[in-house]
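Participant: Handing you this structure, nothing more for now.
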Amino acid sequence: MNRYLQAAQEIAQEAGRLLVDEFRKPRQISYKAGVDIVTQADHRSEEFIVERLATLFPQHSVVAEEGGGQQQDSEFTWYVDPLDGTTNFAHSYPVFAVSLALVQGAGIVAGVVHDPMREETFSAALGEGAWLNQKKLSVSKIERLQESLLSTGFP
């Protein structure tokens, strides 16, 4: 596993533990615009993630959803959603995640989505495939759409 993917997994899992702790507390909800909400948990998770990325990769840029990132003159940029599923979280619906991705130039190098409530970490790295925790993922062997499971989600 490359060092970027390993770091992203560790950071996402640590941020996930922080979110689980926040999930047990009363919510502090603010509105960014219209129905776009943000919670104290978004801010705490983002602060943690941005700080860890800056420590491990000080030359990399970080674009974070709540604006806590850092711009560097770098070919590497981290994209951070510190609480992916804020609406669910704010309504005590336990389906949310921490999402991180690293881009080099125009190509994605690594990505992680960690669901702390189910302790599931989906990850992928360029040339290394995709994983759920320690199990390698593969494409379904089902060939016909009508025999498959298909789901969608709309906010």
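Participant: Tell me whether the range 120-141 contains one or more residues that are part of a loop (DSSP other than H, G, I, E, B), in contact (Cβ under 8 Å) with a residue 24 or more places away in the chain, open to solvent by 100 Å² or more (accessible area, probe 1.4 Å) and farther than 26 Å from F76 by Cβ.
Facilitator: Step one: list which residues in the range 120-141 are part of a loop (DSSP other than H, G, I, E, B), which gives 126-128, 133-134, 137-141.
With the extra rule that they be in contact (Cβ under 8 Å) with a residue 24 or more places away in the chain, the set shrinks to 128.
From what is left, the residues that are open to solvent by 100 Å² or more (accessible area, probe 1.4 Å) are none.
No, every residue in the range 120-141 fails to be part of a loop (DSSP other than H, G, I, E, B), in contact (Cβ under 8 Å) with a residue 24 or more places away in the chain, open to solvent by 100 Å² or more (accessible area, probe 1.4 Å) and farther than 26 Å from F76 by Cβ.
Participant: Here are some conditions: (1) more than 12 Å from the chain's Cα centre (by Cα); (2) crowded, with 16+ Cβ neighbours inside 10 Å. E46 meets all but one. Which one does it not meet?
Facilitator: (1)
Participant: Let me ask you something else. Filter the range 28-42 for residues that are surrounded by 19 or more Cβ atoms within 10 Å (Cβ to Cβ) and in a helix (DSSP H, G or I) and give the result.
Facilitator: A41, D42
Participant: Within the range 92-105, take every residue that is in contact with a strand residue (DSSP E or B) (Cβ under 7 Å, 6 or more places away or on another chain) and not hydrophobic (A, V, I, L, M, F, W, C) and give me the one that is most open to solvent (accessible area, probe 1.4 Å). I'd like the intermediate steps shown before the answer.
Facilitator: From the range 92-105, those in contact with a strand residue (DSSP E or B) (Cβ under 7 Å, 6 or more places away or on another chain) are 96-104; that's our starting set.
Add one more test, that the residue is not hydrophobic (A, V, I, L, M, F, W, C), and what stays is 99, 104.
On the way: S99: 18, Q104: 76 Å².
Among residues in the range 92-105 that are in contact with a strand residue (DSSP E or B) (Cβ under 7 Å, 6 or more places away or on another chain) and not hydrophobic (A, V, I, L, M, F, W, C), the one most open to solvent (accessible area, probe 1.4 Å) is Q104.
Participant: A further question on this structure: Could you list, ordered by first residue, the pairs with Cβ atoms under 7 Å in which the first is in the range 20-35 and under 16 Å from N88 (Cβ atoms) and basic (K, R) and the second is open to solvent by less than 70 Å² (accessible area, probe 1.4 Å) and outside any strand (DSSP E or B), at least 6 apart or interchain?
Facilitator: Between residues of the range 20-35 that are under 16 Å from N88 (Cβ atoms) and basic (K, R) and residues that are open to solvent by less than 70 Å² (accessible area, probe 1.4 Å) and outside any strand (DSSP E or B), the close pairs are R27/A90.
Participant: Going by the structure shown, is I108 open to solvent by 40 Å² or more (accessible area, probe 1.4 Å), β-branched (V, I, T) and closer than 17 Å to R3 by Cα?
Facilitator: Working: open to solvent by 40 Å² or more (accessible area, probe 1.4 Å): yes; β-branched (V, I, T): yes; closer than 17 Å to R3 by Cα: yes.
Yes; evaluated as a whole, the condition is true for this residue.
Participant: Read through the list (1) free of Cβ contacts under 8 Å to residues at least 24 places away in the same chain; (2) surrounded by fewer than 19 Cβ atoms within 10 Å (Cβ to Cβ); (3) out of contact with any Gly (no Cβ under 6 Å at 6 or more places or on another chain), then give the number of the only condition that A64 fails.
Facilitator: (2)
Participant: If you don't mind, another one. Can you name the residue in the range 67-80 that is out of contact with any Leu (no Cβ under 8 Å at 6 or more places or on another chain) and open to solvent by less than 70 Å² (accessible area, probe 1.4 Å) and is also modelled with the highest pLDDT among such residues? Please lay out each step first, then the result.
Facilitator: Of all residues in the range 67-80, those out of contact with any Leu (no Cβ under 8 Å at 6 or more places or on another chain) come to 67-75.
Imposing the further condition that a residue be open to solvent by less than 70 Å² (accessible area, probe 1.4 Å) reduces the set to 67-70, 74.
Numbers: G67: 87, G68: 86, G69: 83, Q70: 83, S74: 92.
The qualifying residue modelled with the highest pLDDT is S74.
Participant: Okay, moving on. Given E51, E14, E47, which one is of a type in the set (D, E, K, R), free of Cβ contacts under 8 Å to residues at least 12 places away in the same chain and assigned to a helix (DSSP H, G or I)?
Facilitator: Numbers: E14 fails: free of Cβ contacts under 8 Å to residues at least 12 places away in the same chain; E47 fails: free of Cβ contacts under 8 Å to residues at least 12 places away in the same chain.
One residue alone meets the criteria, E51.
Participant: Also, I was wondering about something else. Scan the range 143-151 and give yes if some residue there is within 27 Å of A41 (Cβ to Cβ), in contact with a Pro (Cβ under 8 Å, 6 or more places away or on another chain) and either acidic (D, E) or surrounded by fewer than 15 Cβ atoms within 10 Å (Cβ to Cβ) (or both), otherwise no.
Facilitator: First pass over the range 143-151, keeping only residues within 27 Å of A41 (Cβ to Cβ): 151.
Next cut, in contact with a Pro (Cβ under 8 Å, 6 or more places away or on another chain) only: none.
No, every residue in the range 143-151 fails to be within 27 Å of A41 (Cβ to Cβ), in contact with a Pro (Cβ under 8 Å, 6 or more places away or on another chain) and either acidic (D, E) or surrounded by fewer than 15 Cβ atoms within 10 Å (Cβ to Cβ) (or both).
The values are calculated or read from the model by the stated rules, or taken from the named source; none is laboratory data. The structure displayed is predicted, hence computed values, not measured ones. Backbone-built Cβ (ideal geometry, glycine too); neighbour counts: all protein chains shown. Heads up: the accessible areas ignore ligands, DNA and RNA and are worked out on the full protein's heavy atoms, side chains in. Shrake-Rupley method; radii C 1.70, N 1.55, O 1.52, S 1.80 Å.
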